[in-house]
Amino acid sequence: MTDNEFQDILQRYEKTVSSGKKAYFDADDMLDIIDWYMEEERDDDAEKAIRFARHLYPANTDICMAEARLRIYQGDYDAAAKIVTGFKSNDEPELNLLASDILLHRANQCTDPQFRDKLISLSENAYEYALIQSDNDPGFFSSIISQHSREELFEQANHWIQRAFKSYPEQPAILDASALCYALQGRAREAIELANRLIDCDPYNARSWGILGDILHDFGDYTQALDAYDYVKAIRPDEILSEQNMADCHFALGHYAEASRLYKSALENYSKENLSLPPSTDTDFIQSKLEICEIRLKKGKG
């Protein structure tokens, strides 16, 4: 499915939800929508999509596992474990991957250092088993890297990154997860290199440009970040979730008029589209930035 085809399905789904009407969507399409919301950190929207999908497909295993995956992203490991243990069979590779994620988290929370290390070793073996079950699926490598990043177990994450690149040196999902992992470690040069390789795989993928923009933004290269965000808007003109970061870049560069415009636009669009705000988005923070912009514009700056 192309990005444009997916956007058409997403828009049709969102119009259906906002209108309150009933409509049929293919199970795979609903899974793509759920995954997209989670990638965009729109957990509330992912939750709504899961409820919508469960209504259409109450016994669909993949949708149940998507819910477990969302609970893990939200940090609700007990709820995820309840879903995972509710399955009668453990022959499903993704089910064992989710069980490994839960084990890794519980191991990482252990306060006894020696026991913690043993539990982490057990979780690594569990990941290995899930990976073998999946025939070394690149999506599993990506998920394993991302989960270790969330737990800030970067030594183990780097091990999995090296493993993944030996088999899949240019696989987009692995480049995506690895770039974000290196960024979290403060390895700016390597993160930017991987983000650019990700873009080379598909120059018309808005998410790839957004990842590059976010990495450059976080490391203070605001001019280059704005260039990346411009590509996001060119590819997907209705994309609004990067507006706050674009505003932050202009603010840091002293472009207070443009920063003010974008902060206002972000607030208006979040409200208009009834979007659940990503965790990094705080309306009070945006309002405080707007006030500073107005003060500095009155003084003739920007």
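The values are calculated or read from the model by the stated rules, or taken from the named source; none is laboratory data. Every value quoted in this text rests on a predicted model; they were computed, and no experiment measured them. We place every Cβ from the backbone using ideal geometry, glycine too, and count neighbours over all the protein chains shown.
Looking for whichever is small (Gly, Ala, Ser), at pLDDT below 95, surrounded by fewer than 20 Cβ atoms within 10 Å (Cβ to Cβ) and part of a helix (DSSP H, G or I) here; the options are Ala68, Ala79, Ala46. Which one fits? Talk me through it step by step, then tell me what you get.
Working: Ala68 fails: surrounded by fewer than 20 Cβ atoms within 10 Å (Cβ to Cβ); Ala46 fails: surrounded by fewer than 20 Cβ atoms within 10 Å (Cβ to Cβ).
After applying the criteria, what remains is Ala79.
Just one of the numbered conditions (1) within 22 Å of Leu184 (Cα to Cα); (2) under 21 Å from the mean Cα position of the chain (by Cα); (3) surrounded by fewer than 18 Cβ atoms within 10 Å (Cβ to Cβ) is not true of Ser146; which one?
(3)
Which numbered condition trips up Ala59, out of (1) among the aliphatic types (A, V, I, L, M); (2) surrounded by fewer than 17 Cβ atoms within 10 Å (Cβ to Cβ); (3) part of a helix (DSSP H, G or I); (4) more than 20 Å from the chain's Cα centre (by Cα)?
The one condition Ala59 does not meet is (3).
Please pick out the residue among Asp221, Asp214 that is buried (at least 19 other Cβ atoms within 10 Å of the Cβ) and among the charged types (D, E, K, R). Spell out the reasoning first.
Values: Asp221 fails: buried (at least 19 other Cβ atoms within 10 Å of the Cβ).
Unique residue meeting the criteria: Asp214.
How many residues does segment 206-257 contain that are assigned to a helix (DSSP H, G or I), among the acidic types (Asp, Glu) and free of Cβ contacts under 8 Å to residues at least 40 places away in the same chain? If you could, list the steps in order and put the result at the bottom.
Going through segment 206-257, the residues assigned to a helix (DSSP H, G or I) turn out to be 206-218, 222-235, 243-252, 256-257.
Then keep just the ones that are among the acidic types (Asp, Glu); that gives 214, 218, 227, 230, 243, 248.
Next, from what is left, pick out any that are free of Cβ contacts under 8 Å to residues at least 40 places away in the same chain: 214, 218, 227, 230, 243.
Total satisfying the criteria: 5.
With respect to Gln109, is the statement that it is surrounded by fewer than 19 Cβ atoms within 10 Å (Cβ to Cβ) and modelled with pLDDT of 90 or more true? Give the steps one after another, and end with the answer.
Details: surrounded by fewer than 19 Cβ atoms within 10 Å (Cβ to Cβ): yes; modelled with pLDDT of 90 or more: yes.
When the stated conditions are applied, Gln109 passes them.
Can you confirm whether Ser178 is touching a residue at least 12 places away in the same chain (Cβ under 8 Å) and closer than 27 Å to Ser123 by Cβ? Explain how you work it out, then say what you get.
Details: touching a residue at least 12 places away in the same chain (Cβ under 8 Å): yes; closer than 27 Å to Ser123 by Cβ: yes.
Taking the combined requirement at face value, the residue satisfies it.
Here are some residues: Ala228, Ala191. Which one is crowded, with 18+ Cβ neighbours inside 10 Å and farther than 26 Å from Glu258 by Cα? Break it down into steps so the answer makes sense when it comes.
Details: Ala228 fails: farther than 26 Å from Glu258 by Cα.
After ruling out the rest, the residue left standing is Ala191.
Hey, among the residues in segment 1-34 that are among the hydroxyl-bearing types (Ser, Thr, Tyr) and free of Cβ contacts under 8 Å to residues at least 24 places away in the same chain, which one's nearest to Pro237 (Cα to Cα)? Before you say what the answer is, go through the steps one by one.
Narrowing segment 1-34 to residues among the hydroxyl-bearing types (Ser, Thr, Tyr): 2, 13, 16, 18-19, 24.
Next, from what is left, pick out any that are free of Cβ contacts under 8 Å to residues at least 24 places away in the same chain: 2, 16, 19.
Working: Thr2: 16, Thr16: 21, Ser19: 23 Å.
Restricting to residues being among the hydroxyl-bearing types (Ser, Thr, Tyr) and free of Cβ contacts under 8 Å to residues at least 24 places away in the same chain, the top hit is Thr2.
Among residues belonging to segment 153-184 that are under 16 Å from Glu128 (Cα atoms) and among the polar types (S, T, N, Q), point out the one that is surrounded by the most Cβ atoms within 10 Å (Cβ to Cβ).
Gln156
Looking at Ile34, is it aliphatic (A, V, I, L, M), in the same structural domain as Ile102 (by TED's automatic domain parsing) and more than 27 Å from Ser242 (Cα to Cα)? Give the steps one after another, and end with the answer.
On the way: aliphatic (A, V, I, L, M): yes; in the same structural domain as Ile102 (by TED's automatic domain parsing): yes; more than 27 Å from Ser242 (Cα to Cα): no.
So Ile34 fails the test.
Please pick out the residue among Ile72, Ile83 that is farther than 19 Å from Ile145 by Cβ and touching an Asp or Glu at 6+ places or on another chain (Cβ under 7 Å).
On the way: Ile72 fails: farther than 19 Å from Ile145 by Cβ.
Step by step, each of Ile72, Ile83 is checked, and only Ile83 is farther than 19 Å from Ile145 by Cβ and touching an Asp or Glu at 6+ places or on another chain (Cβ under 7 Å).
Could you grab me the full set of residues in segment 115-143 that are within 18 Å of the chain's Cα centre (by Cα) and of a type outside the set (A, V, I, L, M, F, W, C)?
Answer for segment 115-143, where residues must be within 18 Å of the chain's Cα centre (by Cα) and of a type outside the set (A, V, I, L, M, F, W, C): Pro138, Gly139, Ser142, Ser143.
Here is a check on your reading of the model: is Tyr168 in the same structural domain as Leu70 (by TED's automatic domain parsing), under 24 Å from Phe219 (Cα atoms) and among the aromatic types (Phe, Trp, Tyr)?
No.
If you check Asn205 against the conditions, is it surrounded by 24 or more Cβ atoms within 10 Å (Cβ to Cβ), modelled with pLDDT under 95 and of a type outside the set (Gly, Ala, Ser)? Show your work before the answer.
Details: surrounded by 24 or more Cβ atoms within 10 Å (Cβ to Cβ): no; modelled with pLDDT under 95: yes; of a type outside the set (Gly, Ala, Ser): yes.
Considered against the rule, which asks whether it is surrounded by 24 or more Cβ atoms within 10 Å (Cβ to Cβ), modelled with pLDDT under 95 and of a type outside the set (Gly, Ala, Ser), Asn205 comes out as no.
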